Each structure stands twice: as C-alpha cells, then as structure tokens.
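None of the figures in this text is laboratory data; all of them are computed from the coordinates on show. These numbers were taken from a predicted model, which means no experiment stands behind them. Every residue, glycine among them, receives a Cβ derived from its backbone with ideal geometry; neighbour counts consider all protein chains shown.
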Amino acid sequence: MHPEQNDELGFSTLAIRTGHHRTPEGEHGEPIFPTSSFVFANAAEAAARFSGAKPGNIYARFTNPTTRIFEERLSALEGAEDCAATASGMAAILSLGLALLKAGDHVIVSKQVFGTTTVLWNKYFAKFGIEVSHVDLTDLAAWRAAIRPNTRLLFLETPSNPLTEIVDIRAVAEIAHGAGALLAVDNCFCTPALQRPLTLGADVVIHSATKFLDGQGRAIGGAVCGPKSITDEIVGVLRTAGPTMAPFNAWIFLKGLETLNLRMKAHSANAQKLAEWLAAHPRVSRVYYPGLPSHPQHELAKRQMKGFGGIVGFEVEGGREAAWKVIDHTRLFSITANLGDVKSTITHPASTTHGRLTDEQRAAAGIKEGLIRLAVGLEDAEDLIRDLARGLDAPHG
C-alpha cells in the first residue's frame, strides 16, 4: 500500500495493509528477509548505496525490507513521519538518548516509569555526563520548576507503570517546547489504538513492541516514532552500535498489529470488569485503573485516550506476604513481569519490575509492598475473577 493513501484509510486498515509493497512473486502475506546482507548489481551500485546517493538495502543491521514494513506501519498508526525499529523497548530509549544527547545536557524524567528505565537514565546515561532530574508525573508545576537552560528532553510514561497515573500530554509538551526541549512519551500501555501522543504535541513516541504491539509474548523489540530528522539519527545509532530489530521479530510484530485495534478494545473491556470487582472486594485497599471514576485522572483519561487499557494495579493489606499469597494462589494468571499478552499476567512490582530501585526510589514512585500489577488478557473475565478470588478469599493470618 502506498503511503499517500494513509489519510484516506481507517486505523484497522492501516494496521493490516500499510508498508507491504509486493515483490514480483505477488505474495499475499508480508515476506521475511532472513539475510545479513544484500547483493549489488555492480561496484558502482554498491558505492551509491553506501554513500546514500541511491536508496536501498545494504546490511541488515540497519536496513531490512521486513523491518521497514513494520516501521512504515507503526509510523502510520502513530501519525508519525517515520519510525526506527530497535532490538527492544529499552534499546529504543537508549538509542534515543545516544542520538539526541551529549555530555552536559539535562533530561527530566517522571518518577513513575518502568524500573529499568530509571536505572538506564540514572546509572548509565549519567556516567556520560548527562544530568537527570525526576519529577512527579502528574505535577505540572514540578515539570516547569525542573527546567534548566541545558534541558534538552522531557521523558514520561502515561499511563505510568504500574499505577496507571496519567498526565496531560499537551500541557507537558507546551512546557518542553517553551524551553526549547523535546517531549518523548512511552506509549507502551496504550499503543496508538488508544492514544496518539504526537497528535497531542509530543515530539517522539517510544514503544516496547514486546508488549501489546505483539500481543502474544513471542518476541522482543522496540521502536522510536517521530520526525524523520530524529529517526534518521536513530538509524545512525543502529548502523554504528547495532541494537537492531531482527527481521523475524519484525514479521511477528506485523502479525500483532493486524489485530491490535480489536485486542486493545477487548483488553480494556476485561480490565474494566476486573477493576470494578477488585474495587468492591473487602481485602483490596485500593485499585489503580483509569476506567474507574475514583481514579484521580479519570476525566483526563476520557479526553486523552480512546480506552483505558489492560493494566490494573491493586493493593492488599499485609504487605509483601499478603501480596505474594494472592499471586501464589492463582492458577490461570501467568506469574511473569511481561505484559500485553493475550494471556493474563500477574506480578509483584516491588520485587520484580521495580526491584532494582532503592527503597527511597520505590517510595517516590508509589510502589508499595502490598501492590500487585495485573496485565489483563483476553480470557473470560469471569474466569479471571474466580482466579483472583482464590487468593483474596483464602484464609489470611
């Protein structure tokens, strides 16, 4: 399908058709190119490809037709000019930093991000002279106050992991642009099926394709979507350092995108049912889900998102011991830290996804010992409720 057709087509059509330009063989499905390099007709063509004078594939570390289909498709869904695919979601963040930042630059990161994201900014980027500040995601005054003359990038997740806190993307974008900085939004929890940050003023969208974009827990991958001026710099990092998406993984993600719109609606519907049930349970002290009217940013979520997503957090009294008991009593939920799967997963963030943070960092991010995170899949909601009830209704003491 040709890119100029994109404005005429709906989301699901774009998710199924974008980027596939059939080879002379006329294949119906997207082809996989499992090759390390590409052959040139002659030496002159090789030189022209390497210099950039002639477009085309060179070496699969940074050019592969299957990966390019995925990049074109995801950029169409996000409303981005271009996309660069990476080996993982963390590789996407790493590549963004390597492409855009230098020693002496300042980055503002929300406190409520995936634990490994915090480690990447605080431990590894900081080693190279990049200054990092952390602010509360929902506190717009704190974002403004953290701006410095050398601020180059604001980075956030919304909804956040795992408490589903939400910030007004347009408002943070205005703060960033007023300071001459860029805003990058991790859109992993929503995907473009539920939220399109670029239409709200963000400059860059980050994805862990491993999660909902795949949808079946089959492969690791990531992506950076945004202006071509930025994705070209990302490709430069890929060409030089090599945190590259494998073509087979790109093909898997293409298959995931085909059903993304349907799946995100179903994830959201199931998560809503579980959140409402948990909110009424006497042993649950708090539920974190944007679809509940009790959520502090419920009205913002209704304006900014097309659905509330598949992530539900809830707290039980009794700390780690009580949380582990609930987790260990489940039989359907997979005990794993991954998310975005058709199979529901359950984890204890304080000892898994955020386990490498200090006690102070976890406290600042609101990660309590009694917190459990659900990534609600596509099983029957009634079965998932019964599964959670095994632990919540079990004798405690």
For this session: May I ask you to derive the FRET efficiency for Thr116 and Lys343 from their Cβ-Cβ distance with R0 = 22 Å, giving the value to the nearest 0.05?
Result: 0.50
Problem set entry | DSSP beta bridges in the chain [antiparallel fraction, %, rounded to 5] | 55 percent
Seminar exercise, completed: Taking 0.36 nm per residue of separation between Phe38 and Lys127 and subtracting their Cα-Cα distance, the length gained on full extension comes to 28.3 nm
Exercise. If you average 1/r over every pair of different alpha-carbon atoms in the chain and take one over that average, what Kirkwood value in Å do you get?
Worked result: 21.8 Å
Exercise. So, in Å, what gap is there between the alpha-carbon centers of region 316-384 and region 98-120?
Worked result: 25 Å
Exercise. If you take the Cα Rg of region 29-78 and divide it by 2.2 N^0.38 Å, with N the number of residues, what do you get?
Worked result: 1.28
For this session: Give the angle, between 0 and 90 degrees and rounded to the nearest 10, that separates the Cα long axis of helix 65-78 from the longest principal axis of the Cα atoms of the chain.
Result: 50 degrees
For this session: Identify which of Gln304, Gln361, Gln112 has the largest mean-square fluctuation in a Gaussian network model of the chain, with springs joining Cα atoms closer than 10 Å.
Result: Gln361
Problem set entry | Cα-based Rg / Dmax (Å) for region 260-392 | 14.1, 40
Exercise. Given R₀ = 41 Å, FRET efficiency for Ala171-Lys255 by Cβ-Cβ distance, to 0.05?
Worked result: 0.65
Exercise. Where does region 190-316 land on Rg/Rh, using Cα atoms and the Kirkwood Rh?
Worked result: 1.05
Exercise. Which residues make up the longest stretch of the chain clear of GluC sites (Glu not before Pro) that lie in a DSSP loop with no more than 15 other Cβ atoms within 10 Å, not counting the sites?
Worked result: 82-316
Problem set entry | Distant-in-sequence amide H partners of Thr347 (H built 1.01 Å from N, under 5 Å) | Arg373
Exercise. GNM, the chain, Cα, under 10 Å: largest mean-square fluctuation among Leu74, Leu339, Leu274?
Worked result: Leu274
Exercise. Using the alpha-carbon atoms, what tilt in degrees (0 to 90, nearest 10) does helix 319-329 show relative to the longest principal axis of the chain?
Worked result: 80 degrees
For this session: With an 8 Å cut-off on Cα pairs and a minimum separation of 6 or more residues, tell me the relative contact order of the chain in percent.
Result: 17 percent
Exercise. For region 236-293, what is the convex hull volume of its Cα atoms per residue in Å³?
Worked result: 164 Å³
Exercise. With labels modelled as points extended 7 Å from the Cα through the Cβ direction, what inter-label distance (nm, one decimal) is found for His28 paired with Leu9?
Worked result: 1.7 nm
Exercise. Which pairs, out of Lys102/Lys127; Lys325/Lys368; Lys111/Lys368; Lys102/Lys123; Lys306/Lys343, put more than 18 Å between their alpha-carbon atoms?
Worked result: Lys306/Lys343
Seminar exercise, completed: For region 27-39, in residue order, the Karplus 3J(HN,Hα) values (coefficients 6.51, -1.76, 1.60; θ = phi - 60°; whole Hz; Gly and Pro = x) are 4, 7, x, 5, x, 9, 10, x, 10, 7, 9, 10, 9
Seminar exercise, completed: For the chain, longest principal axis from Cα atoms; helix 169-178 axis from its Cα atoms; angle between them, nearest 10 degrees, is 60 degrees
Exercise. When you count, for each residue, the other Cβ atoms within 10 Å and take the mean per peptide, how do 87-94, 261-268 rank with the highest first?
Worked result: 87-94, 261-268
Seminar exercise, completed: Answer in debye to the nearest 20: the dipole magnitude of region 263-397 about its Cα centre, from +1 Lys/Arg and -1 Asp/Glu charges placed on Cβ, is 380 debye
For this session: Find the Rg to Rh ratio for region 301-354, where Rh is the Kirkwood radius over alpha-carbon pairs and Rg uses the same atoms.
Result: 1.03
Exercise. Binned at 5 Å from 0, what are the whole-percent values of the Cα-Cα distance distribution for region 146-185, short to long?
Worked result: 6, 25, 30, 20, 13, 6, 1
